[in-house]
Each structure stands twice: as C-alpha cells, then as structure tokens.
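Some notes on the structure that comes next.
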Amino acid sequence: MQDKLFFTIIFFSCFITGIYSQSRAVILGNVSDQFGNLPGARIAIEGTDYKTTTDVNGNYTFNVNEGEYIVNAAFVMYTTISKTVEVKVGDTIKVDFILQAGFSMDQPVSLGSRAKPKSLLKNTAAVDIVSPQQITSSSQVELSQILHYLIPSFHSTHQTIADGTDHIDPATLRGLGPDQVLVLINGKRRHNSSLLNVNGTVGRGSVGTDFNAIPVASIERIEVLRDGATSQYGSDAIAGVINIILKKQTEIIQIDNRVGITTQGDGFTLYSAANFGLKIGNEGFVNITTEYREREAVNRAGDYTGTVYSDDPIEEERLLQENNFFGQTGYSGRQVMEIGSAETQNLGLSFNAEMPISDHATFYLRGGRNYREGKAKGFYRFPKDQDRVVLELYPNGFSPEILTGIQDDGISGGVRGVKNEWNIDFSHTIGINQLNYTVNNSNNASLGVASPRTFYAGGFLYNQNTTNLDISRSFDWASGLNIAFGTELRVENYQIIAGEEASYVNGGSTFINELGDELPRSVGAQVFPGIRPENELDRFRTNSSGYLDIEANITEKLLVRGAARYEAYNDFKGQAIWKLSGRYRIQDELSVRAGFTTGFRAPSLHQVFFQNISTQFINGESIQVGTFNNESAVAAEAFKIGKLKPELSKHFSAGFSGKFNENITFSLDYYLINIDDRIVLSGQFAEGYEAILEPFGVGAAQFFTNAIDSKTTGLDAVLFFKTPLAEGEFSASLGANITKTRVKNGIKVSEALIGQENILFNREEIARVESSQPNFKVNSFFSYDIDKFNFQMTNTVFGEVKFMHPNDGNPDNWVLNEFSGAIESRDQLFSPKLVTDMGVSYQVNDYIKCTIGGNNVFNVFPDKHTHSANTDEGNFTYSRRVQQFGVYGSNYFVRLLLRL
C-alpha cells in the first residue's frame, strides 16, 4: 500500500512538473547601440511585473507564460523602443534592441514641473541636461569643473590665496552669486557649506554648495533649470536650480582610474572610483559608489622683487648671499609663494537605494560621506617683518600653510506612493558640513620663542534638516490638468568653533625696530588667527513653507502654469512669492515660452551670525580685519547697521525651442533678473574708528548689509546636431551664454555712514558683482564614434573679465607702472580666451575602454598683469581677484575604464 502511494505521488509530481515546464516560455535578447552592448539598460514587459536590467554584455532573460507581450527597452538619454512578441509553450524567442541616442531636448525632465516629466519642447522653462555619456566621457574629474566646461551659464574655478575658499570652489549660475542657485539631489534640497567666503574672490560674502563633495561616479545625469524657481522649490533659487540625479544601475561593476599631470610637471592628479549595484527583491536596488581624488598643488607665482631682510640694499644683498634665501624656500628661481591652486585629497562614499514596500508605495534612501583634506599656502612672512616673525624660530621667515579638514555628510529618506490617485511623497533630509582649520609652519609672534609652529585654529559647522510633504494629481479635465501642493519644514544650525588658546592669545612679546623703538608683535597664528572663544556661537533657525502649483493644458497647444509659495522664518517676517509661465506649441516641433516670477533669498545663518578676525593683505599691507555680525554692538551702535533683510527678485524670461529635423534641436532664451537688497560684505572701515576697534585687536571692521540692487540681463542658446558619417556617428553641441549685471540705484548706507558709500562698497566690489565673471561663454562639444574608436573635442571660449582697483577712480591715486615707466591706472581688462580639450578612446572589448587626452592642449593662460603694482612685488603673474578658467595650462591624462 505504501509503495503504491509512493509511486502515485511520484507520478503526479512528474506529470505536474511536466505540464508546468511546458507552460513556460523564454524571452531573451541583447540591447546595444550602434557601437556596442549597453549594460544597465532597463527592460520591461508592459502590463506585468516583469522588469530587469541588462548585464555587462547587454543581455537579459525573462521566463514567461504563453501569450503576446510588448517588451520595452530603455536607457538614459536614449530613445525607448517597444517590440511585440508572441510566444508559445516551450518557445525561446530572441528579441534584440539597438537603441539610438536621443537629443537632450527630446528627453523628459522632472525639473521645473510637478506634473509627469515632459520633454523640453513641451516645457515652460529652459532646462539643460548633462547626459550620462557627457559625464562619463568628460576629461574633468570634479563635478564643478565638469559643469564649468559643459554648461555655458555655470561658472566655477579654483581660487588661490583665499583661506578656506582654496578648498571649496564657489559656483555660480547666470553671473549671480553662489547663494542664488539651489542644488537638489534626486529632487531633494542639498545643504550648503559651512564656509563663508570672506576673501577677495567671486562670491565674496556668500555661502554656496560644495559640488565637489558629490562623487562624479555616482551621478546618472544632471538637470539645470535656468529660470527663477523660488516659488516652486524655496529660497535661494533666484538664478535657477541644479538637480543631480543618482545612478540606479545594478547589473555591472564600473571601475574608473585616471592619472594626469601638467606640462610644467606639477598638478599631478589621481582619480579612482568604483560604482556597482545590487538588486533587492524583484524591483528594489541599492547602488553604491566610492571615489578617491588626489590633486597636487599648481604654482604659477612670479619672481619676488621685494626685499627680504632689510630695506638697506647693501645689507640686503649680504644677507641674501649669506643665508642662500631663495635656495631654501623650496620653490624655483626667486619664487617665495605658491599661487595657482591648492593641494587636496578627497575620499567619498555614497549610495542610492529604493525598495517597494507595497503595490502602491516605495521606500527610498540615499546618502553619503565625503572627507577632504586641503593644504594651501599664504603670503610669505619675511624676516624683515619682525612684528610677524619670531626670528629665533624662523631666521629666514616662513611660508605659512592652511590645512583644512572638510567633512560632508548627507542622508535623505522617504516614502512615495499613490493613494486614491494622488501621488504622495514624504521625506526627511539631513545635511551636515564641517570645516576645521589647522595652521602649520607658522607662529603666534606675540608668544615669542614659546610659540608653537602648528595650531588648531577652530572651524565651522552647518547642519540642515528638511522635511517635505509633496502631493500631486493629474486630471483629464479639458486637455489635462495637474494640481500639486505641499509643505516644507527646515531647521538650520550654524556653529563657530574656537581654536586652541595659542592660536589667538596675546602673549605680550615685543620687538625693537630699526629706530630703536619697542613695539608689540602681532597677535594670533600668522595666516589665519585662531577663532576666539568670544566669537564661538551655536545658532538655530526654523523655516516653514507651503506651496500650490497648478499646471493646465488649456488646449493641445497651450500650457499655462501658476505657482505660489509662502515661507515664514522665525528670525524675520514671512514672504509670499509667485510664478506664472506658459508655453505655446506653434507646431509639433516648435514651441515658444515665457514666464514671470517673484523670488527671494533669505539671509544665510552664516551672514547673520558670522564673526571672526582674519589677516588680510590690502595693497600689500597685512591688516587684522574684524568681521562683526549684525547682533554686535560694533555693527549696531557704531555703524548703525540694521538687521539683514531677505533679497527680493523679479525674473522675466522668454524663449523658444524646437527641431529643424531629426538631427538638429535648438533653444534660445532671454532673461531679465532684478534683485533688490542684495546682501554684501562691506569694505574695511578703519580711519576714524580706532578707539572703537582697539579693544578687539583689529585695525579694520567689516560687516554684512543689504547695500545694493542689481539688474541682470542675458541670453542662453543651445544647439544639438547628430548625423551618421562614414560608417560612424558624428554628434555636436553648441551652447552660449551672454550675461550683463549692473549695480543700480547707488549704494545704500545707514545714516551713520552717509558719505562713506565708497568704503562700504567700493568700485572693486562693484566690479566683482558686475565683471569678475566672464561676460559671455561659449561651449562646443564634438564627438565622432567609428568602430571601436571615439574622438572627442571640447572648445570653451571665456569672455572678458575686469578688475577695478578700489582707489583708482581718481587719477590722482594712480601709481607708477614699472613695466611701462608711466603713471597709470591699476584697472585691467582681461581679454577673451579659447580653451581646447581633446581625447581619444578605444573600446578594447566589452569590459575595457582606454582613453588618452589633454585639457587646454594649446597651453592657454589668462592675460598677465600689465601693471606692476598688481603683482604684489612680482608674486602675482596672473590675477587672483578675477579668473576665467584658472592657471593650470596644458595637462594630459590617461584613463582605464572597466565594466565587469
């Protein structure tokens, strides 16, 4: 009986298994473009839960039941293809796809609209897209530099002799400030840096986002909204919004290694990154990136022409020979400084994950940590300057170093889903940036021989917590309607951290000058005096806001969008803003658009509360400058500076976009941006305020104030072209930006400062707003793929920039130019320049791709200083105040890209 039962079970098991196996079929295939397999392409069967991505060889497989299916193949920035296939029991059907790269304007973008993503041809605002192909093939390894050479309206260069700004590059859009562009990651607000730019660079007095803390290898694509969008995304989005979208791929491991060096033998760069993904269940994933960058310093200093030991020529020459001064500085020739770009080491780790938690909801989480160490040099302290140099420690003076440790952490998580046909997204985002200063190879002269040579000088910390609830729904009313609304709660924290006592204390040491007088020595670590305990602070601020966004297709051709937002801060009154925009499709391939928006930018916590003492070199002289916040008695009582107000803006834009045919797309946009009450860092007030400043140990004071209004006008143009060529494919893009910013309505001063407008915001600071960034930029990109080769060339034309000396508005202040022998103005216009990058890649097989290339292959540099007084006794061959693209010169690299 038991034997019969056993065989019966076996029989039915085999029978059922046979039926089941015969009820299954297989759909498999390969996805490629015309030049090879496409790992990570997304394959899905419509109307089912069947979804997958292709493996490293571009292959995929589905086990399905008998029936008819529609299979979709998609890849980022490629045109999606659908194929219908019918399978019967036991069939194995091969369905291959060859995808064609799509144009940027044909791609759906999520930025600028709360409705379903739509192409740029159907959008009401201009959006640039940086594709995965452009990111992967870029010859740059830092995100700010990639955007600098791909987006005409974006500007970011390495700074020099600017303290912490040497290590965090200010980045701007449309010629405005670093704090007037909002950065998102996967649509969520990115936190700012803790660093406030207080030196003489682009963005002086502002706080920006550290783009280079985001690993390039983690990025799938980037969307750049060139339009005012504060009513949609909140404070800061006056110039536009940059949305960085992270990778989701799971089927491949990508390893990228590069090394490069300048033709002058410095600036060695090492880049190594790995990106891989893992599936979680059937539809979930986690994508992980690790990235390491090392960049050695670049030095383009000139030969020093000043004195070292004494102003007596005979004594000076004797001591120079006796001490072999220039032989011991560590630099070539008569260089005494390191001017160009700082040394940095950068290690980043990030992840991006999603996991369905029900049929209608998905949990998502992304985050990462980036740590950067930087080393920058300051002005050389010469032995003749006994007020700053302890000769017993440094008989030949010293070249002080600023060492930074910058840690950037961010995490964002939430749930999105559908409830009663409403799309709901609830999220919380945390961002923390901390910067710590260490001063090395220096001294606190007031401590005399007891002074340490290395100091912890303090630091800054910024923490941002943002909670969002976004709700939207599309309706079929008329030709289509989308309603979106939501709320945001943001809590910010800003901290200033004191340094160790030796970095700021007054030790009371004195020296005897050449006249026999006993004088006090300078207080604090040279190059960056430590932050004092009385300047420590820990401040919080809360912001709550709500918005409503309505998008209606009035007809098939006319789209109208309106948005309104109200934001309330606990430290100033609330602000209501709005936006109205529209798009009209003249024909299927041509659209016109226009929009008007009001906007605002709240003062950053840094601008409200920052206070510190720093060493600044003004006209070649070292001065201790105190920055006093608006809560201080100095600002409020002595200078009558009121509390900061938000910047208010009005933004008008108009343009059109279209396609000539399947090979050419284009767009052209005009913009006008008026900003009232822009927040600026004032000039240094010294004369007449000595009694007020003496207790603080400073020779000058500066502060933040709403001093100016500005008007910015400009044009953006973009053209894409693609065509088959000689068994290969040629593609090209051309982008241009022309911008003009002017300070209008004069300089606003308090009653106590009437008549001192030129000190509050002098002509150099006006020029920093108006002409320190290129007045135009043209980016062109050419790529030709044939067989296993790719040839690539990028050309960037940088427009002119202008430096204006603060005192040279009056010819009586002009000084001798030793280059020409004439009394001349120190103002200088720096002419446009063309920079060319080239690269050649070879696809060895499906797994290995090799590239050799060069940046700035024609070794182009900015104009040199034409007035000797601007060189600071020969040190500065090139300007550090205004820059177009840096001073690297030609640099070449090799790259090995592995896909496993």
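Could you order the peptides 581-589, 602-610, 321-329, 486-494 from most to least packed, using the average number of other C-beta atoms within 10 Å per residue?
602-610, 486-494, 581-589, 321-329
Among R742, R334, which comes first, second and so on when ranked by fewest other beta-carbon atoms within 10 Å?
Ascending number of Cβ neighbours within 10 Å: R742, R334.
Taking the Cα atoms of region 783-900, report the difference between the largest and smallest coordinate on each principal axis, in whole Å and largest first.
69, 23, 23
At R0 = 51 Å, how high is the FRET efficiency between V592 and A691 if r is their beta carbon distance? Nearest 0.05 is fine.
Computed FRET efficiency for V592 and A691 comes out at 0.20.
Please work out the C-alpha center-to-center distance from region 860-900 to region 774-821 and express it in whole Å.
Going from one Cα centre to the other spans 11 Å.
Relative to the first principal axis of the alpha-carbon coordinates of the chain, what is the inclination of helix 2-22, with its axis defined by its Cα atoms, in degrees from 0 to 90 and to the nearest 10?
On a 0 to 90 degree scale, this one is about 70.
In debye, nearest 20, what is the charge dipole magnitude of region 21-100 about its Cα centre with +1 on Lys and Arg Cβ and -1 on Asp and Glu Cβ, if you could check?
Charge dipole of region 21-100: 100 debye, to the nearest 20.
Which of the peptides 593-601, 683-691, 39-47, 128-136 is most tightly packed, and how do the rest follow, going by the mean number of other Cβ atoms within 10 Å of each residue?
Top of the packing list down: 593-601, 128-136, 39-47, 683-691.
To two decimal places, what compactness ratio does region 301-364 give when its Cα radius of gyration is scaled by 2.2 N^0.38 Å?
The reported ratio for this selection is 2.63.
If you average the C-alpha positions of region 345-409 and of region 189-221 separately, how far apart do those two centres end up, in angstrom?
What the calculation gives is 12 Å, centre to centre.
Can you give the relative contact order of the chain as a percent, counting alpha carbon pairs under 8 Å and 6+ residues apart?
It comes to 10 percent, rounded to a whole number.
Which ³J(HN,Hα) values, rounded to whole Hz and listed in residue order, are derived for region 49-62 from phi using the Karplus coefficients 6.51, -1.76 and 1.60 in 6.51 cos²θ - 1.76 cosθ + 1.60 with θ = phi - 60°, glycine and proline given as x?
Those phi angles translate into 8, 6, 9, 7, 10, 6, 7, 4, 9, x, 9, 8, 8, 10 Hz.
So who's got an amide H within less than 5 Å of the one on N817, skipping anything under 5 residues away but keeping other chains? H placed 1.01 Å off N, in plane.
A822, I823, E824
Leaving out same-chain residues fewer than 8 places away, which lysines sit with a Cα under 25 Å from that of K116?
Straight-distance partners of K116: K51, K83, K188, K247, K248, K419, K557, K579, K659.
Which distance in nm do the two modelled labels at F791 and K645 give, with both placed 7 Å along the Cα-to-Cβ direction?
Modelled inter-label distance: 5.9 nm.
Check A353: other-chain or 5+ apart residues with amide H under 5 Å from its amide H, H built from backbone geometry?
Excluding prolines and chain starts, which carry no amide H, the hits are N287, L365, R366.
Give the peptides 282-294, 812-824 in descending order of average Cβ contacts within 10 Å, highest first.
Taking the mean over residues of other Cβ atoms within 10 Å, the ranking is 282-294, 812-824.
With the calculation restricted to Cα positions, what are the radius of gyration and Dmax of region 21-100 in angstrom?
12.2, 39
Sequence neighbours fewer than 8 away in the same chain don't count; with that in mind, list the aspartates and glutamates whose C-alpha is under 13 Å from K744.
D676, D677, D709, E770
What dipole magnitude, in Debye to the nearest 20, does the chain give about its Cα centre under +1 on Lys/Arg Cβ and -1 on Asp/Glu Cβ?
My answer is approximately 2820 debye.
What distance in nm separates the two pseudo spin-label positions at Y670 and T61, each 7 Å out from Cα along the beta-carbon direction?
6.1 nm
Just to verify a number: FRET efficiency for N513 and Q407, C-beta to C-beta distance, R0 = 41 Å, to 0.05?
0.40
Given the C-alpha centroids of region 682-713 and region 461-516, what is the distance between them in whole angstrom?
23 Å
Put +1 on the Cβ of each Lys and Arg and -1 on the Cβ of each Asp and Glu in the chain; which of T796, G340, S783 then has its Cα farthest toward the positive end of the dipole?
The Cα lying farthest towards the positive end belongs to S783.
Helix-derived [θ] at 222 nm for the chain: sum -39500 (n - 2.57) over DSSP H runs of at least 4, divide by residue count, nearest 500?
Computed ellipticity for the chain at 222 nm equals -2000 deg cm²/dmol.
Between R742 and F426, what is the spin-label point distance in nm, taking each point 7 Å from the Cα along the Cα→C-beta axis?
That separation, rounded to one decimal, is 5.2 nm.
If I stretch the segment between L719 and Y842 completely, what's the gain in nm (0.36 nm per residue apart, minus their alpha carbon distance), one decimal?
41.6 nm
Step through the residues of region 817-824 one at a time and calculate ³J(HN,Hα) from phi using the Karplus curve (6.51 cos²θ - 1.76 cosθ + 1.60, θ = phi - 60°), rounding each to whole Hz and writing x for Gly and Pro.
Listing the rounded values in order: 9, 5, 6, 10, x, 10, 7, 9 Hz.
If one takes the longest principal axis of the Cα atoms in the chain, at what angle in degrees, from 0 to 90 and to the nearest 10, does the Cα axis of helix 313-323 lie?
50 degrees
Please work out how much length the chain gains when fully extended from D863 to K802, using 0.36 nm per residue of separation minus the C-alpha to C-alpha distance, in nm with one decimal.
Full-extension gain reported as 20.9 nm.
For the chain, with the dipole built from +1 on Lys and Arg beta-carbon atoms and -1 on Asp and Glu ones, taken about the Cα centre, which of I245, Q145, I747 lies farthest toward the positive end?
With unit charges placed on the Cβ atoms, the residue in question is I245.
Each residue of region 696-713 in order: what ³J(HN,Hα) in whole Hz does its phi give by Karplus 6.51 cos²θ - 1.76 cosθ + 1.60, θ = phi - 60°, with x for Gly and Pro?
Here the 3J(HN,Hα) series is 8, x, 10, x, 8, 10, 9, 7, 9, 7, 7, 9, 9, 10, 9, 10, 10, 10 Hz.
Here are a few candidate values for P(r) over Cα pairs in 10 Å bins from 0, in percent: [x] 2, 10, 17, 20, 18, 14, 11, 7, 2, 0, 0; [y] 2, 11, 20, 24, 19, 11, 6, 3, 2, 1, 0, 0, 0; [z] 2, 10, 15, 15, 13, 11, 9, 8, 7, 5, 3, 1, 0, 0. Which one was actually calculated from the structure I just gave you?
Comparing each candidate, only [y] matches the computed number.
Considering the dipole of region 629-692 built from charges on the beta carbon (Lys and Arg +1, Asp and Glu -1) around the Cα centre, which of L668, F656, Q684 is farthest to its positive end?
Most positive-ward Cα: F656.
Where a number appears in this text, it was derived from the coordinates with a stated rule and is not lab data. None of the values given here were measured: they were computed from a predicted structure. As a convention, Cβ positions derive from the backbone with ideal geometry for all residues, glycine included, and neighbour counts pool all protein chains shown.
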